[in-house]
Every structure is written in C-alpha cells, then in structure tokens.
Amino acid sequence: MLLFLASGAGHAAVSPWVPLAYLVAGVCFILALRGLSSPASSRRGNRFGMAGMLIAVVTTLVTHEIASLPEIGAAILIGGLIGFVIARRIAMTAMPQLVAAFHSLVGLAAVLVAAAAFLNPGAFDILGMDGNILTVSRVEMALGAAIGAITFSGSVIAFAKLNGNMSGAPILLPARHLINLGTLVAIVAMVGAFAVSANAGPGENALFWIILAAAFAIGFLLIIPIGGADMPVVVSMLNSYSGWAAAAMGFTLHNTAMIVTGALVGSSGAILSYIMCRAMNRSFISVIAGGFGAESGGGEGEAKTDRPWKRGSAEDAAFLLKEANQVIIIPGYGMAVAQAQHTLREMGDLLKEEGVTVKYAIHPVAGRMPGHMNVLLAEANVPYDEVFELEDINSEFAQTDVAFVIGANDVVNPAAKSDPSSPIYGMPVFDVGKAKTIFFIKRSMSGVGYSGVDNDVFYMDQTMMLLGDAKKMVEEIIKAF
C-alpha cells in the first residue's frame, strides 16, 4: 500500500544505487517468507519483511519527483495510525476477516493507481509519440485494474461471510458456471481490444471502465458460491490476487520493488492455496473458479442426534487427563470463538506438572485462514516444540491415552476416509478414533461443522461429549484438578 502511494507520485530518477536498494529489499522479502515458514522463526521473518518494506518505501520516496512530500507523509501517517489502532483492538477470532479486509484495500489501491494512470498518463511517462497510451502500458494497466477489482469485490464478500454479515453457505446462482466463464472471457477479450485500440488517448477509451465494472462483478460472482469450509483457501487465494495486482501496477509505475514484491506475494499465495486444496481434497481450479462443479457443501448443518452418545463432565475429564501418559489436543475454530487458547495452555501446563506428555495437533485448514490455530497457540505462549502438523502426529493416536478435541469437527471426521458420498471424502483427517479415550468439546449436539456432515466420533464407545462453551469447560476441568 505504501509503495502504491509513493510510486504514483512522479518519475523515477536514474541512479546506480536504486536497483541495488530494491534488490536488498527483495532479498529481505524472500527472507521474510522463509522465516514465516516456521513458528520458531516467524518473528525474525516479520522483521525482515518490515526492513525490506522500509528500504523500498524510502528508496521510492527519495528517487521520485514528488509534488507534495508532506501530503504523502500525512497520508502514510494517517493510514499507519488507523492500521495500528485496528491491529491493537481486533480480537484474534476476527483475524481472518481482518486479513480479508486488508486484501480488499490492496486491490482497491491497484484500481485507483490504474485509474490515475489512465486519466493522467503523462504523469506516469506512458504516452507514445502519437499521444496515445503505450500498448504495453495499456495491457499492464488493464490487467492490474481487473485483478485489483476482482481482489476488492471478492475480499469484501469473503469478509462478509467470515464476519457473519452474510451466510457462510454457498449461494448458488442459476447458470453460474456459464455466467462466470462468459464474464471472464469477456474481460480477456476487452483487455485485448483495449490494448490494440486506436483511440487510447488520456481517459478517452470507455473500454477501461467497462473492464473495471466487469471485474468488480466477477469478483463478487466467484466468491459467493464458495462455502465456509473453503474460506481458508479463499483468503489465501485473494492474497495471491493482491500480489499479482501489485506486480502488474509495478510495471505501469516502473517500480522494481512493486514487481518483485507483488510476484513474491502472488506466487507464494498461489502455492499455499494449492497445498491447502490438496490438504482438503479440493480441486484447486474448482475453488479459484468459484466452486466450479460443486453443487453443495459448506454452511453449518444439523447433526443427527437420534444415535446414542455419552455425556461426560469436567470431573470425568480431569480424572482421566491426570491419569494419562500422553494427551493430544486438537483445536479448531470453536476454540477461537471461545478464546480458550490461554485457558487451554494453562490446562496443558498443569498436566505437564503431573508428568503427562502434552502435544497439540494442527490441521492445515483448521480455523478460517491459513495458520489460524498456530497464531492463537503462539499468542498463548504454547511452546513451538509441542505443536505438530497432521502428517507428523497422526500415527501417534494409537499410542495416545486421551484425544482432547476442542472446537474442531470436520478435521476429525472419519467420514473423510469411509464415506465416498461425503463432501469431505478424501480430506486427510486426524485418526482420533484410535485413541483410548476421546473428549469432545462442542456447544451442543444440534450443530455440526461447516461441511454440514454428521460426525461418527460423537457416538464412539470411547467418546465423552463435553457440551458447553469451550473456555468455561476447560476452566471447570482446571478447577476439578
């Protein structure tokens, strides 16, 4: 965002140290991504990212002919203050929708810069000898604006779904596949027509605004058919879109740092989305194309409560947890909603004092955005060496005394392995059914997860359901110790 503000203010001055500074900034961004690959190095990665952005912004500011540096400084100060206040006040449970909102702002920034370049190309040095905008600049401008518009409107819908302003269930429009495909083809065709148009003077071609309107519409249409279960992938994919939008505008603005940074964000977001789709047994193309081929799924459903199940108490849980040799805790979005991470860590600390081995199992798509559970556990100061990913811990459930499921559902549902007709079939899940005892905390037996699929774990002989608010239930267990 800061680079958008600085880059659009003038012409880049030619200086031998400018490419070097941008190169250093790019290396810092790469080191930031490397550091963020592990919780243990995430703080260092963030520092590298901040250092790289500082270098890029300062370089952009001092090497451009800025008409009003105080105005740009004031804008940066106001935006930074707003971001600081929001970050301080936002609850950890609202982090996914905050990320979606920030993605929308990046997309909107790309749209505004593209519109400014279209209306005043002379200020961006993209006019040809014939007085028209350069062909290559028209392609960059149109693509950047289109991707930015898709990012903006798609992120707004993602925010509304995550924030509860609209249903998390898929909204399936009639003939949506045909509409989506037709709109995307039309955008590509219009970008081509805009690029070769003879009438491409400053602000003269209406095709630019039509492309923008169509892109805003397709962003909306692509996201509304996607259910809440796929929201982590959507957030990651929108992050990728925002990166590509920034990269496209970097070409228009002749800014190396924006090109490098945008490409890094775009490619890493796309790779993460692909990895998450594999973890969820989802088609990568299906998700990014707006749930293409999906007819149902997502949204909360109703569980079948006519089967026999056992209800446990905090006292039951406290006794068996203290007697266990190993306990594996599986957190999910319900833990985030109840903000039970600190209480959960306190329970884990007490168990370790009793000689119990405590481990935390994190599913790749637990929560509502990539790494949601990792962030919550890190906030509660859970040691990194106690947190394990699915492939590293799944084999240990057979030797585990207690599997403690708190607020998770689909990620422990055996239907993913046993029922080919299930919408989550093929998704890797935790084998909690192999544990000697299962404690399952959820608010009631009437609701199920975002997939809307009943969970056989509820009815297993070794399962005790602990119904109620997750935080209050863990507090009661601690008291019972």
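The values are calculated or read from the model by the stated rules, or taken from the named source; none is laboratory data. These numbers were taken from a predicted model, which means no experiment stands behind them. Glycine gets a Cβ as well: all are built from the backbone with ideal geometry, and neighbour counts include every protein chain shown. The area values use the complete protein model at the heavy-atom level, side chains included, leaving out ligands, DNA and RNA. Shrake-Rupley method; radii C 1.70, N 1.55, O 1.52, S 1.80 Å.
If you take the square roots of the eigenvalues of the alpha-carbon gyration tensor of the stretch 386-481 and sort them as a ≥ b ≥ c, do you get rounded (a/c under 1.5), prolate (a/b over b/c) or oblate?
Details: a/c = 1.89, a/b = 1.28, b/c = 1.48.
Cα axes put the stretch 386-481 in the oblate bin.
May I ask for the distance between the Cα centers of the stretch 242-260 and the stretch 330-366, given as a whole number of Å?
41
Please turn the phi angles of the stretch 410-415 into ³J(HN,Hα) values with the Karplus equation 6.51 cos²θ - 1.76 cosθ + 1.60 (θ = phi - 60°), one per residue in order, whole Hz, x for glycine and proline.
Each residue of the stretch 410-415 in turn: 4, 6, 10, 7, x, 4 Hz.
Can you give me the angle between helix 95-119 and the longest principal axis of the chain, using Cα atoms only, in degrees from 0 to 90, rounded to the nearest 10?
Its long axis makes an angle of about 10 degrees.
Enter the angle in degrees (range 0 to 90, nearest 10) between the Cα long axis of helix 314-323 and the first principal axis of the Cα atoms of the chain, meaning the one along which they spread out most.
It works out to around 90 degrees.
Relative contact order for the chain: what percent, with Cα pairs under 8 Å and sequence separation of 6 or more?
For the chain, the relative contact order is 15 percent.
Each residue of the stretch 142-153 in order: what ³J(HN,Hα) in whole Hz does its phi give by Karplus 6.51 cos²θ - 1.76 cosθ + 1.60, θ = phi - 60°, with x for Gly and Pro?
5, 5, x, 5, 5, 5, x, 5, 4, 4, 5, 5
Can you pull out the trypsin sites (Lys or Arg not before Pro) in the stretch 301-372 that DSSP calls coil and that have at most 16 other Cβ atoms within 10 Å?
Numbers: sites: Lys304, Lys310, Arg311, Lys322, Arg345, Lys352, Lys359, Arg368; in loops: Lys304, Lys310, Arg368.
Listed in order of number, the matching sites are Lys304, Lys310.
Between Ile82 and Arg443, what is the spin-label point distance in nm, taking each point 7 Å from the Cα along the Cα→C-beta axis?
3.2
How would the stretch 135-264 be classified by its alpha-carbon gyration tensor: rounded, prolate or oblate, with rounded meaning a/c under 1.5 and the a/b versus b/c comparison settling the rest?
Because a/c hits 1.5 or more and a/b fails to exceed b/c, the stretch 135-264 counts as oblate.
In whole angstrom, how far apart do the alpha carbon centroids of the stretch 43-87 and the stretch 384-416 sit?
Distance between centres, Cα-based: 42 Å.
So, taking all protein chains as they sit and a 1.4 Å probe, how much accessible area belongs to Asp401, in Å² rounded to tens?
Asp401 exposes around 30 Å² with every protein chain in place.
So, R0 is 22 Å and r is the distance between the beta-carbons of Ile90 and Arg43; what FRET efficiency does that work out to, to 0.05?
0.70
Roughly what would the spin-label model give for Lys352 and Leu172, points 7 Å off Cα along C-beta, in nm?
4.7
Determine the calculated [θ] at 222 nm for the chain from helices alone, applying -39500 (n - 2.57) to every DSSP H run no shorter than 4 residues and normalising by the residue count; nearest 500 deg cm²/dmol.
Dividing the helical sum by the residues of the chain leaves -18000 deg cm²/dmol.
Normalising by the residue count of the stretch 143-272, find the relative contact order in percent from Cα pairs under 8 Å and 6+ residues apart.
Details: 153 pairs, mean separation 47.8, N = 130.
It rounds to 37 percent for the stretch 143-272.
Hey, can you grab everything whose amide H is under 5 Å from the amide H of Arg443? Only 5+ residues off in sequence or another chain; H modelled, so Pro and N-termini drop out.
For Arg443, whose amide H was placed from the backbone, the distant partners under 5 Å are Gly468.
Shape verdict for the stretch 206-266, please, from the Cα gyration tensor: rounded (a/c under 1.5), prolate (a/b greater than b/c) or oblate.
Judged from the Cα gyration tensor, the stretch 206-266 comes out oblate (a/c at least 1.5, b/c at or above a/b).
To the nearest 20 debye, what charge dipole does the chain have about its Cα centre, counting +1 at the Cβ of each Lys and Arg and -1 at the Cβ of each Asp and Glu? Numbers along the way, then the final one.
Details: 28 positive and 35 negative charges, 66 e Å.
In debye, rounded to 20, the chain gives about 320.
So how tilted is helix 231-253 from the main axis of the chain? Cα-based, degrees 0 to 90, rounded to 10.
So the helix axis and the longest Cα principal axis differ by about 20 degrees.
Would you please give the residues with an amide H less than 5 Å from that of Thr463, counting only those at least 5 places away or on a separate chain, with H modeled from the backbone geometry?
Ile438
Report relative contact order for the stretch 418-481 in percent, whole number only (criteria: Cα-Cα under 8 Å, sequence separation at least 6). Walk me through the intermediate numbers first.
Working: 53 pairs, mean separation 21.7, N = 64.
Normalised by residue count, the contact order of the stretch 418-481 is 34 percent.
Expected output is a single nm value to one decimal: the length gained when fully extending between Lys479 and Leu23, i.e. 0.36 nm times separation in residues minus the C-alpha distance. What is it?
So the extension gain works out to 158.6 nm.
Too long at a 20 Å Cα-Cα cut-off: which of Lys436/Lys472; Lys417/Lys442; Lys322/Lys417; Lys161/Lys359; Lys322/Lys436?
Result: Lys436/Lys472; Lys417/Lys442; Lys322/Lys417; Lys161/Lys359 exceed 20 Å.
As an exercise, identify the GluC sites (Glu not before Pro) in the stretch 333-382 lying in DSSP coil whose Cβ has no more than 16 other Cβ atoms within 10 Å.
Here the GluC sites (Glu not before Pro) that fit, given the DSSP loop and packing criteria, are Glu354.
If only Cα atoms are counted, what is the Rg of the chain, and what is its Dmax, in Å?
Calculated on Cα positions, Rg and Dmax stand at 25.1, 83 Å.
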